[in-house]
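Asks: Here it is, the structure in full.
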Amino acid sequence: MNHAPPSFTDGGTLRQRARAAGLDPDYWYAVEEVRRVKPGTVVEVVFWGRSIALFRGDDGTFRAVENRCAHRQIKLSLGEVEGCRLVCAYHGWQYDGDGHCVEIPHERYGRGFPKLTLRTYPVQVRYGLVWLFPGDPDKARERRIPDIPELEGPARWACVPLTFDWSAHHSMVIDNVSDFSHAHLHRRYRPFDNARLTRCDTVGDNVHVAYETRIGGGRITGRFVERDRVDTGRIELCYEYPYQWSNTDDAIKHWLFVLPVNERTTRVFFLFYFRSLKIPGLPIRIPRAAMTPVMRLSNRWAIGPLLDQDRFAVEAEQRGYERHWDAPPVELNPAVRAFQEVTVRKWGEYLERESEHARDPA
């Protein structure tokens, strides 16, 4: 008797296939906050079991190579950065940003200098995040990091990213953030109340969802919302594969970027941003210059604790699924099924492309 959940290729129910699916690597993925990788340092990032060494040279430029030294396969993220080179901790072999081994600082016993090149990954920096393209590098120019005009230019809105590592499959995270039937979980903070689904449409690779609800009803946080200027009775959300966003009256917005680490771990990057907030009790907006400090405080005392409730829920769901994966699925919100259908279809399409490439490498 099989006591483990089925793999994607084993088939099974929609839920089972969604919980086994990866994410198509031919997209840009946020992997780290810029501020957390100082010049002259290296960190490990993982995309669906694939380890990548992300390093930042003394010139401030980010570079990414497969996380192994070609000599003894030790992780290069265990080493250090010298100038704009990544140095292996074991024998000191050095690699440049193009993945070439350019220095071996010890005797080579009469052998010539080996021609060794590691795989590299396209890197971009945007919205305070470092982005990698883990798939076919030729497609990196075709795909775009989502455009968020509110976070660019001199009049950009304040935004301070929130980053977490959650012990749950990425599909559970997507289900959670767009399924507003779980208001009970957030009854202390009340980010939304009495949600009623008014739209659920799949358009290509995107699932558009809308709810009639009351946004920002918390006892404290709700006092910062400009209800006389913002319609907080409706919210639009979209699973824009592989990303997710929400919009309340073009005034309260967020994006969620997920990094699938493995089958039960997901790194999540939340960007919350507001056109404006008001000073509680007064009809006065918080000055733009003060919005970033306010967002930092909000992340710490309001949004962070709220998201910790979501973390608790999806991590508990992950453990429950691993024990009861064969229980009959009971899902009432049609949006969740729509999310899972897109996730399963996109992963199946990626696996088919890989299979075709293996049969015909040319």
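Asks: Which order do the peptides 335-344, 301-310, 57-66, 262-271 come out in when sorted by mean C-beta neighbours inside 10 angstrom, highest first?
Replies: Numbers: 335-344: 22.0, 301-310: 15.9, 57-66: 17.6, 262-271: 20.2.
Averaged packing, sorted descending, gives the order 335-344, 262-271, 57-66, 301-310.
Asks: Now a separate question. Once you have the Cα-Cα distance between Arg229 and Thr163, take 0.36 nm times their residue separation minus that, and quote the gain in nm to one decimal.
Replies: 20.7 nm
Asks: Moving to a separate point now. Order the peptides 231-238, 289-296 from the highest to the lowest mean number of other Cβ atoms within 10 Å of their residues. Walk me through the numbers before you get to the answer.
Replies: Details: 231-238: 18.0, 289-296: 14.8.
The packing order, highest mean first, is 231-238, 289-296.
Asks: Ok, one more. Working out 0.36 nm times the residue gap between Arg126 and Val330, then minus their Cα-Cα distance, what length gain in nm do you get to one decimal?
Replies: Details: separation 204, 0.36 × 204 = 73.44 nm, distance 3.94 nm.
Length gained, Arg126 through Val330: 69.5 nm.
Asks: Which residues' amide hydrogens lie under 5 Å from the amide hydrogen of Arg199, considering only partners 5 or more residues apart or on another chain, with H built in the peptide plane?
Replies: Sorted by chain and number, the residues that satisfy this are Ala210.
Asks: Which of rounded, prolate, oblate describes the chain, given a ≥ b ≥ c as roots of the alpha-carbon gyration tensor eigenvalues and a/c under 1.5 marking rounded, otherwise prolate only if a/b is larger than b/c?
Replies: oblate
Asks: Determine the sum of side-chain charges near Thr248: Lys and Arg each +1, Asp and Glu each -1, restricted to other residues whose C-beta is under 9 angstrom from that of Thr248.
Replies: -2
Asks: Okay, moving on. Extension gain Ala183-Glu341, at 0.36 nm per residue separation less the Cα-Cα distance, in nm? Present the calculation step by step, with values, prior to reporting the outcome.
Replies: Numbers: separation 158, 0.36 × 158 = 56.88 nm, distance 2.39 nm.
Extra length available between Ala183 and Glu341 comes to 54.5 nm.
Asks: While we're here: With +1 on each Lys and Arg Cβ and -1 on each Asp and Glu Cβ, and nothing else charged, work out how big the dipole of segment 173-231 is about its Cα centre, in Debye to the nearest 20.
Replies: Here the size comes out at about 500 debye.
Asks: Could you work out how far apart the two model spin labels at Arg353 and Ser51 are, taking each label as a point 7 Å from the Cα in the direction of the beta carbon, and quote it in nm?
Replies: 2.7 nm
Asks: Set Lys and Arg Cβ to +1 and Asp and Glu Cβ to -1, take the dipole of segment 63-196 about its Cα centre, and tell me which of Val123, Val173, Gln94 lies farthest positive.
Replies: Val173
Asks: Sort by residue number and report every cysteine in the chain with no other cysteine beta carbon within a distance under 4.7 Å.
Replies: Cys84, Cys101, Cys159, Cys200, Cys238
Asks: Filter the cross-link list Lys253/Lys346; Lys115/Lys139; Lys38/Lys75; Lys38/Lys278; Lys139/Lys253 down to pairs whose alpha-carbon distance in this structure exceeds 31 Å.
Replies: Lys38/Lys278
Asks: Right, here's the next one. Can you find, among Ser51, Val207, Leu162, the residue farthest towards the positive end of the dipole of the chain? Put +1 on the C-beta of Lys and Arg, -1 on that of Asp and Glu.
Replies: Of the candidates, Leu162 comes out farthest on the positive side.
Asks: Looking at segment 99-171, which chymotrypsin sites (Phe, Trp or Tyr not before Pro) are DSSP coil and have at most 16 other C-beta atoms within 10 Å of their C-beta?
Replies: Passing sites in segment 99-171 are Tyr109.
Asks: What is the local net charge at Leu116, summed over the other residues whose Cβ is closer than 15 Å to its Cβ (Lys, Arg +1; Asp, Glu -1)?
Replies: +3
Asks: Between Tyr321, Tyr241, Tyr273, which gets the highest mean-square fluctuation from a Gaussian network model of the chain, Cα cutoff 10 Å?
Replies: Between Tyr321, Tyr241, Tyr273, it is Tyr321 that shows the largest mean-square fluctuation.
Asks: About the Cα centre, and with charges only on the beta carbon of Lys, Arg (+1) and Asp, Glu (-1), how big is the dipole of the chain? Nearest 20 debye, please.
Replies: Here the size comes out at about 1160 debye.
Values quoted throughout were computed directly from the atomic coordinates according to the rules given, and no laboratory measurement underlies them. Quick caveat: nothing in here was measured; it's all calculated off a predicted structure. Methodologically, a virtual Cβ is constructed for each residue, glycine included, from the backbone with ideal geometry; neighbour enumeration extends over all protein chains shown.
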